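Input: a single structure, listed below in structure tokens.
What follows draws every value from the coordinates through simple rules; no lab data is involved. All of these numbers come straight from a predicted model, not from anything done at the bench. FYI the Cβ positions are ideal-geometry reconstructions off the backbone, even for glycines, and counts take in every protein chain you see.
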Amino acid sequence: MTTALPIPRAIWGRTFEEFLGPASLVGSAFTIDGHDGGYDLYFEAPYDLAAAWTSSDGLYGVHLVADEDWEPPTAVLIDNPTGTTVGFYAGGELWIDEEHRGRGLSTPLIVCLVARLGRAAYDNATGLGFSAAGHAAHAAAHRSVVLRAVEAGLRVPARVRPAAVPEFGGGPRP
């Protein structure tokens, strides 16, 4: 069982704004409904590989489908007791079924896929639109990874560790 999340440099080596991309927009127009028929392919994703992450209680697993035959690279969230896909992260679009929200599951979806790709899960050179919840989820993932990188003693750039946030190490490291 894999409960530890990776600490991808593609996240901790960048400020939150660099991670999101320039001119990223936030608005209700970017809200998605995973039950909309346009997202059915994520419910049929071939996630037969071992989980990249499993929740500490064993109830959820993040499986990656990031090979050349599957576009865009995707992380799917599986409810382990039922084997049902209850969330996905693909091309920067993040969705978790309502009854599974609020459990900290967006961070593993984002972090596992970014770690596998070694870059953002979307073309962040031009920015992207996010719902308020999606923006907050990316912020939480970024904060979590930066904090864990600092705690692990990695050389996190000073510009990524805001001096005003004590748990980030309070600015530049010697």
- Task: In a Gaussian network model over the chain where Cα atoms closer than 10 Å are linked, find which of 104, 13, 129 has the largest mean-square fluctuation.
- Result: 104
- Scoring the stretch 9-156 by relative contact order with C-alpha pairs under 8 Å, at least six apart, yields a percentage of 31 percent
- Note on the structure: Any residue on another chain or 5+ positions along whose placed amide H is under 5 Å from the amide H of residue 97 is listed here as 87
- Message: Taking the 0 to 90 degree range and rounding to the nearest ten, how far is the long axis of helix 106-117 tilted relative to the main principal axis of the chain, both from C-alpha atoms?
- Response: 80 degrees
- When the chain is fully extended, how far beyond the present Cα-Cα distance does residue 97 get from residue 41, taking 0.36 nm per residue of separation? 18.6 nm
- Message: Compute the helix-to-body angle for 132-151: its Cα long axis versus the longest principal axis of the chain, expressed 0 to 90° and rounded to tens.
- Response: 50 degrees
- For the chain, give the magnitude of the charge dipole about the Cα centre (Cβ charges: +1 Lys/Arg, -1 Asp/Glu; no others), in debye to the nearest 20. 1280 debye
- Taking R0 as 22 Å, what's the FRET efficiency between residue 25 and residue 140 from their Cβ-Cβ distance, rounded to 0.05? 0.75
- Item | Of [x] 1, 7, 14, 15, 12, 10, 9, 9, 9, 7, 4, 2, 1, 0, 0; [y] 1, 6, 8, 9, 10, 10, 11, 10, 9, 7, 5, 4, 3, 3, 2, 2, 1, 0, 0; [z] 1, 9, 18, 21, 20, 16, 9, 4, 2, 0, 0, the label for P(r) over Cα pairs in 5 Å bins from 0, in percent derived from the coordinates | [z]
